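A short worksheet on the structure shown next.
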Amino acid sequence: MRDHGLEVRETPVGFKFIGEFLRSGQFLFGGEESGGLSIMGHVPEKDGMLACLLMAELVAFDKKPLAKIREQLYKRVGTFFNERRDFRLERASQVADLQDRLRVKPPLALAGSSVWRINQTDGFKFIMKDGSWLGLRASATEPVVRLYAEAAAKPKLDALLAVAEKIIRGRS
């Protein structure tokens, strides 16, 4: 989106936050990890069917298979590897302890990369100078920490996941 001069905005988890931006008329579309998205002028709720129809329209318009369209996109913006994992902890107090540790003494480097900034919109998202990132977010309903990571290469992703598990388990 940035390569088209458009603003990218992150929200806390929950499509209701994305829906508010869509209602404001300031944003063209919004989406989240489960494939739900919506567009300006449509319902401000996630709509997986809309996502599928838009992809079908893209294939019909470009007259190319989806794999070819994706390949061209990767050439333009690069590839990304990402993963989400859930870590169940025995007690809710462990989640609170983790949040306190990250708030008081956040890591300044992860998996060999310096942390450029930390976004605390919803949990802790450590953004590295190389563009990779690691997110840790506590579930609001159970003693679970949700881990999200993204990197341009699979080995870097694996390294982020490994260090995240150590952080969650209190071994870093």
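The values are calculated or read from the model by the stated rules, or taken from the named source; none is laboratory data. Keep in mind the model is a prediction, meaning the values are calculated, not measured. A quick note on method: Cβ atoms are made from the backbone with ideal geometry, for glycine too, and the neighbour counts reach across all protein chains shown.
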By residue number, the members of segment 33-69 that are acidic (D, E) and modelled with pLDDT under 90 are E33, E45, D47
I want to confirm something. Restricting to segment 89-140 and keeping residues that are polar (S, T, N, Q) and within 17 Å of K166 (Cβ to Cβ), which single residue is modelled with the lowest pLDDT? Q94
Qualifying positions in segment 4-34 - outside any loop (DSSP other than H, G, I, E, B), touching a Lys or Arg at 6+ places or on another chain (Cβ under 9 Å) and either within 25 Å of I118 (Cβ to Cβ) or among the aromatic types (F, W, Y) (or both): F15, I18, F21, G30, G31
Give just the number: which of (1) of a type in the set (A, V, I, L, M); (2) touching a residue at least 60 places away in the same chain (Cβ under 8 Å); (3) under 14 Å from V95 (Cα atoms); (4) in a strand (DSSP E or B) does I168 not satisfy? (4)
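Would it be correct to say that A149 is surrounded by 17 or more Cβ atoms within 10 Å (Cβ to Cβ), modelled with pLDDT of 95 or more and out of contact with any Gly (no Cβ under 6 Å at 6 or more places or on another chain)? Walk me through it before giving the result.
Numbers: surrounded by 17 or more Cβ atoms within 10 Å (Cβ to Cβ): yes; modelled with pLDDT of 95 or more: yes; out of contact with any Gly (no Cβ under 6 Å at 6 or more places or on another chain): yes.
Answer is yes for this residue.
How many residues, within segment 111-133, are more than 17 Å from the chain's Cα centre (by Cα) and closer than 15 Å to Y148 by Cβ? I'd like the intermediate steps shown before the answer.
From segment 111-133, those more than 17 Å from the chain's Cα centre (by Cα) are 111-114; that's our starting set.
Now narrow it down to the ones that are closer than 15 Å to Y148 by Cβ: 111.
Residues meeting the conditions: 1.
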